[in-house]
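Below you'll find the structure, written out as structure tokens, and then a few comments.
The values are calculated or read from the model by the stated rules, or taken from the named source; none is laboratory data. Being a predicted model, the structure only gives us computed values, none of them experimental. Counting neighbours? That spans all protein chains shown, and the Cβs are built from the backbone with ideal geometry, glycine included. Accessible surface is based on the protein model in full, side chains and every heavy atom, while ligands, DNA and RNA are left aside. Shrake-Rupley method; radii C 1.70, N 1.55, O 1.52, S 1.80 Å.
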Amino acid sequence: MASLYSPLTTGALALQNRFVMAPMSRNRATADGLATALMAQYYAQRASAGLMISEGIQPSITGQGFAQSPGLHNQQQADSWRPVTAAVHRQGGRIVAQLMHAGRIGHPSLYASAHQSLAPSAIAANGLAYTAAGPQPYPVPRAMTGADIRQCIDDFAIAARFAIEAGFDGVEIHAGNGFLLHQFMTQHCNQRTDQYGGSVQNRLRLTLEVVAAVADAIGAHRTGVRLSPQNPYNDMQEADATTLYPALCRQLPADLAYLHLMEAANRDMTLLIRQLWQGCLILNPHHSAQSGPVTPQIAAEVLQQDLADAVAFGALFLANPDLVARSRRGGPYNQPDPSFFYGGDATGYTDYPTLQLSPRAEPESLS
Ligand SMILES: Cc1cc2nc3c(=O)[nH]c(=O)nc-3n(C[C@H](O)[C@H](O)[C@H](O)COP(=O)(O)O)c2cc1C
């Protein structure tokens, strides 16, 4: 049984421990999608994680879903990430870039280009976008043409190359949480009649083609994939998840750096995927709807039960930059403040305190 504190090497990623910081959008990039010095500080503070997964980063202008989210689709953006990855590496950490195309989750007023969102079909998500004019219903997106789809696949590959050029250790393809790739997977929002809609195989096609293009661009050993089966977030409904996800797991390249699963009170699905996927599995465990933010205790149980090889922590890592050291001491933990999650300055971002450790209680001396 692996300990949370034991190292793990998977593909090109050498993790010093099995604490993974889950991807978390914090909306503090510039309006042009550039990473900032404050973002470098935020990530460097959390570099004692075995692996950090960056916030969702748009691989194209049309992939942007939220105000002040960062991009990786031009040279200036790639250059802006260099100080971030360098700061993380100076602290001995590892960081991959989460490439996230939001699809129909967005609103034209959120971005300079005021573009209409793209999606598999012209079906609006039920929900509200948070715009400068207050919450507004998600508008009806434009159904992607064949040319849009080819462009989207290219955009992921180009963004992956930019990520490596910017010093990231790899890339995580976001295929969950109701964003574009997930939208293609379900008939609820994919009613296409071409080769990207209809059968399970057709609905998986875009994800598989994006994964293949990214792996071709930067190597499967530097590529991870995030899934969130049966998670209703962002107006998702999945009628055939128990067929679709096994089919996906069987077809993902076996030499991917990892598969990352966000569990949504569906342990049976986790067990099924653990059985089918022979590669490295990172789990963001939520055994029941009541499970709160992932804690070191939950994570230790996950490893004890061999449900996964590493565990992703969201809110607790956000609020505890020194989560690994705190965990070694058994806490205490700062509580995350949701009012500062999205957008703003250093408040609720880089000002969560670390434990003041006395020399006798240095984390290294505890095991
Ligand atoms: C502020 C915030 C932003 C998030 N942004 C993203 C994101 O950009 N990409 C993503 O895949 N998940 C995102 N998530 C989901 C987290 O990765 C994670 O799955 C979720 O917080 C549940 O884990 P936890 O219970 O440990 O917090 C976000 C969560 C939070 C709290």
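Which numbered condition in (1) in a strand (DSSP E or B); (2) surrounded by fewer than 21 Cβ atoms within 10 Å (Cβ to Cβ) is the only one that residue 172 fails?
It fails just one condition, (2).
Give the number of residues within segment 236-246 that are over 17 Å from residue 173 (Cβ atoms) and touching a residue at least 40 places away in the same chain (Cβ under 8 Å).
So the answer is 6.
On the given criteria, is residue 297 of a type outside the set (Lys, Arg), within 14 Å of the ligand (Cβ to nearest atom) and open to solvent by 10 Å² or more (accessible area, probe 1.4 Å)?
yes
Mind telling me which of the residues 338, 293 ends up being over 28 Å from residue 254 (Cβ atoms) and touching a Leu at 6+ places or on another chain (Cβ under 6 Å)?
293
Among (1) under 18 Å from residue 307 (Cβ atoms); (2) crowded, with 18+ Cβ neighbours inside 10 Å; (3) within 15 Å of the ligand (Cβ to nearest atom), where does residue 273 come up short?
Of everything listed in (1) under 18 Å from residue 307 (Cβ atoms); (2) crowded, with 18+ Cβ neighbours inside 10 Å; (3) within 15 Å of the ligand (Cβ to nearest atom), residue 273 misses just condition (3).
Find the strands (runs of 3 or more DSSP E) located wholly in segment 1-112 whose residues include 1 or more that are within 16 Å of the ligand (Cβ to nearest atom), and list them.
Of the strands (runs of 3 or more DSSP E) lying wholly inside segment 1-112, those with at least 1 residues that are within 16 Å of the ligand (Cβ to nearest atom) span 19-21, 51-57, 95-99.
So is residue 314 of a type outside the set (Phe, Trp, Tyr), touching a strand residue (DSSP E or B) at 6+ places or on another chain (Cβ under 7 Å), open to solvent by 10 Å² or more (accessible area, probe 1.4 Å) and farther than 21 Å from residue 1 by Cα or not?
So residue 314 fits the description; yes.
Can you list residue pairs whose Cβ atoms sit under 6 Å apart, with the first residue in segment 30-43 being within 17 Å of residue 163 (Cα to Cα) and the second being in a helix (DSSP H, G or I) and open to solvent by 30 Å² or more (accessible area, probe 1.4 Å)? Count only pairs 6 or more apart in sequence or on different chains.
40/83
Name the single residue that is surrounded by the fewest Cβ atoms within 10 Å (Cβ to Cβ) among those in segment 212-235 being within 16 Å of the ligand (Cβ to nearest atom) and without any contact (Cβ under 8 Å) to a residue 60 or more places away in the chain.
Residue satisfying both the conditions and the ranking: 232.
Regarding residue 116, is this residue more than 29 Å from residue 84 (Cα to Cα) and modelled with pLDDT under 95?
yes
For the condition open to solvent by less than 60 Å² (accessible area, probe 1.4 Å) and more than 19 Å from residue 230 (Cα to Cα), what is the one hit in 131, 145, 186?
Result: 131 is the single residue among 131, 145, 186 that is open to solvent by less than 60 Å² (accessible area, probe 1.4 Å) and more than 19 Å from residue 230 (Cα to Cα).
Given the condition small (Gly, Ala, Ser) and modelled with pLDDT of 95 or more, answer yes or no: does some residue in segment 280-298 qualify?
no
Mind telling me which of the residues 251, 305 ends up being away from the ligand (no atom under 15 Å from the Cβ), open to solvent by 20 Å² or more (accessible area, probe 1.4 Å) and free of Cβ contacts under 8 Å to residues at least 24 places away in the same chain?
Answer to the check: 305.
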